[in-house]
Amino acid sequence: MDELEDMTFEQAFEALELTVQRLEAGDLPLAEALAAFERGTRLAALCDRYLSEAELRVRELAADDSGDLASIPLDSWQMEAGDDR
Amino acid sequence: MLTIAQLVRHIKSLLDQDSALRNVWAEGEVSNFKRANSGHCYFTLKDPEASISCVMWRNEASALTRLPIDGEQVLAHGYVSVYAPQGRVQFYVDHLEPAGLGRLYQALEELKARLSAQGLFSQERKRPLPRWPARIGVVTSPKAAALQDILRTLAARYPLASVLLAPAAVQGLDAPAQIVAAVQLLNRWSQEVEPVDLIILARGGGSIEELWAFNDERVVRALAMSAIPIVSGVGHETDFTLADLVADLRAPTPTGAATLAVPDRQELVVQVAAQRRRATTAALARLVASRQDLGRLEGSLRRESPRSQVAGHRQQVDELSQFATRAMAQRLRMDRTRLDGLGARLQSLNPAAVLARGYAIVRKLDDDEIVTSVGQVAPGDRLRVSLRDGEINSQVF
């Protein structure tokens, strides 16, 4: 079950779609069907958590004089909103 | 007898004394415009009868929204003096503005035709955008309202994404080079650090002059070379730049570009809920089917087996069935608490709610078997039809 923790939203949603297709095929033994349902429910909950808890992350990229790449988080972008409008 | 230095100095002092030459407005056609690495600009202004060398120092030139193009008609302001080392009369220009956009549009059409002939704008070059971009590069000015519009839109629609801002001036002489560098920076990042799924190139509305960087050949070529798909959102609805033509997808505004780049969170919530509903429906159906199987099995066991065996099997049936019911019930309960918003949808799984919508459950009167197919009944069979508020006994004829 811990495999779920590492999933991106996209992976979780695709796994959910697959699980639902297996369930809908209707040919799983009962125990497997219930396990699939359990897994599908966990995947759906994971997807919902992503969708409700995600916060946009913004970073600014830069290359220094020697060409090394770096990024700086821009946590304050929301505070700046509206200044130019 | 004079030295050359004295001679030129004398000429220069004559010119410098003439107040009319200290404050000159003149209109002419630009030719041989050069911007040196120092930032100073050198060019010639001419009309059909005469020409004059011109200099525009870096400080004044930096106020230009774009470099004039050869053949363009301009209005220049400045003063006239002598450049002694070459004994040359020069026009020191401190302000330059276009005296008509005709030549500019003509140059734009020429460049467009040339790049189009090279296939840069063809539909076959357009790449599909990823369904759910995880990392989105944004090329625009960090100070512009366009950036706020984009970030606000992305935060509202698809906060799962992470934004990589590659800042660039979006107007002025340095804009083309900075836009090219920003696009290249994102491509390097994508190759060396982590994949970038698409790039939004944006700028708010402006005159053709202000949008000129987006018609620059270097910019167009850098966009064509980008390994990452590009969504452009430059200017307003009616502004069409060459950057828009070469982009994989053109949006009318910065906000539009952010909207087209990502799916909407609300739609995804609905899609997840639909999958969840399908899983529940399928699992319930599977459970009902098992109960029917077990019921039949129990019947045959009762007929053929010693009582104790039947009891054993019956216990198994009960345990399995109870486990399943508990699992389902618990799951449904948890869903309901966790997802207030989706409660209504889950509610539609409740048989009572289904009945309230006008559906009925049909059972055989003798054995309570649920009738899901016409094959299960024969004329004469008696049926019990459950509705929202009661039951009807009926007969097949």
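A short reminder: the numbers here are calculations on the coordinates, not readings from a lab. On a predicted model such as this, the values are computed, not experimentally measured, just so you know.
For the reader, a short list of remarks on this structure follows.
- Using distinct alpha-carbon pairs, which all enter the 1/r mean, Kirkwood radius of the stretch B:1-98 in Å: 14.1
- Eligible lysines near B:Lys46 by straight Cα distance, threshold 30 Å, same-chain separation 8 or greater: B:Lys12, B:Lys34, B:Lys112
- Note, ³J(HN,Hα) from phi for the stretch B:26-38, Karplus 6.51, -1.76, 1.60, rounded to Hz, x at Gly and Pro: 9, 10, x, 9, 7, 9, 6, 6, 10, 10, 6, 4, 5
- Working note: 222 nm ellipticity from helices only, DSSP H runs with n ≥ 4, each -39,500 (n - 2.57), summed and divided by the residues of chain A, gives -17500 deg cm²/dmol to the nearest 500.
- Once the gyration tensor of the Cα atoms in the stretch B:51-157 is diagonalised, the equivalent ellipsoid follows with semi-axes of 42, 22, 12 Å, ordered largest first.
- Alpha-carbon Rg with Dmax, taken over the stretch B:173-248, Å: 12.2, 38
- Cα-derived Rg to Rh of chain A, Kirkwood definition: 1.26
- Placing one equal scatterer on every Cα of the stretch B:112-231 and applying the Debye formula, the log10 ratio I(q)/I(0) at q = 0.10, 0.17, 0.18, 0.21 Å⁻¹ is -0.30, -0.89, -1.00, -1.29.
- Alpha-carbon centroids, the stretch A:20-39 and the stretch B:72-118: separation in whole Å: 73
- Gaussian network model of chain A, Cα within-10 Å springs - most flexible of A:Leu16, A:Leu56, A:Leu34: A:Leu56
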